[in-house]
């Protein structure tokens, strides 16, 4: 893990157990109370686990009532300031993806805009924001976010493209094969190998 922020060395299972114990039976007094705790942990973090903890609390079941489109500025802040795959992938998969599923019409334009944003972590998020959607995947959005980034030479973008396609291949392998064939010249070898990894 390349990171300028040091680690304390707390294992993930122990950290998650501490979150469960701490939040067991807790009721947040307000959205502002919850968001203040999460944002303070994130912005004041000196160790990487403190940011992991902020994301654990953000995604905790006690925060489900707060998961609305109004949270997107906070989650965008996490993506841009987190600026590494461990933080960004967690935000994309546990915070933004459920919002996209619940508010597809409202949030799809944002993901389209992020796919061509100057910030590579917003672009990565736009590509992997449907990893668990399965049959509910918006293939139009998936294709658009990937095509917008096919010529990008960044490893994390190329890996994201392959990962998103590989995951959707579990649902519709034919679609993925056709997509890869149609864009093979522009697609990096890494993206192609990842996309077709389990398709033989």
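Looking at the stretch 98-158, I'd like the Rg to Rh ratio, where Rg is from alpha-carbon atoms and Rh is Kirkwood's inverse mean 1/r. Value, to two decimals: 0.95. Overall, the anisotropy analysis places the stretch 64-139 in the rounded class: the square-rooted eigenvalues a ≥ b ≥ c of its C-alpha gyration tensor yield a/c less than 1.5. Taking every C-alpha pair closer than 8 Å and separated by at least 6 residues, the mean separation divided by the residue count of the chain gives a relative contact order of 14 percent.
Peptide packing: for 43-54, 122-133, the average count of neighbouring Cβ atoms within 10 Å per residue gives the ranking 122-133, 43-54, highest mean first.
In terms of its C-alpha gyration tensor, the stretch 120-200 comes out oblate, because a/c is 1.5 or above while a/b does not outweigh b/c. Per residue of the chain, the DSSP helices (runs of n ≥ 4 H) give a summed -39500 (n - 2.57) that works out to -18000 deg cm²/dmol at 222 nm.
Once both axes come from the Cα atoms, what is the angle between helix 155-169 and the longest principal axis of the chain, in degrees from 0 to 90, rounded to 10? Compared with the principal axis, the helix lies near 80 degrees. Can you give the FRET efficiency to the nearest 0.05 for residue 80 and residue 155, using r as the Cβ-Cβ distance and R₀ = 25 Å? Calculated value: 0.85.
Between residue 69 and residue 37, the simple label model (points 7 Å from Cα in the Cβ direction) yields a spacing of 2.8 nm.
With R₀ set to 22 Å, the beta-carbon distance separating residue 103 from residue 135 gives a calculated FRET efficiency near 0.70. Taking every pair of alpha-carbon atoms in the stretch 18-91, what share in percent sits in each 5 Å bin, from 0 to the bin with the longest distance? The distribution over the stretch 18-91 is 3, 15, 29, 28, 17, 7, 1, given as percents. Between residue 94 and residue 23, the distance separating the two model label sites (each 7 Å from Cα on the Cα→Cβ line) works out to 0.8 nm. Beyond 21 Å, what percent of the Cα pairs of the stretch 1-127 remain? Pairs farther apart than 21 Å: 40 percent. Distance between the C-alpha centres of the stretch 101-137 and the stretch 139-180: 12 Å, rounded to the whole angstrom.
The C-alpha atoms of the chain define a longest principal axis, and helix 12-23 lies at about 50 degrees to it.
Taken together, the values in this text are just the output of simple stated rules run on the coordinates, not laboratory data. Because the structure is predicted, anything quoted here is derived from the model rather than measured. Quick reminder, even Gly has a Cβ in these numbers, built from the backbone with ideal geometry, and neighbours come from all protein chains shown.
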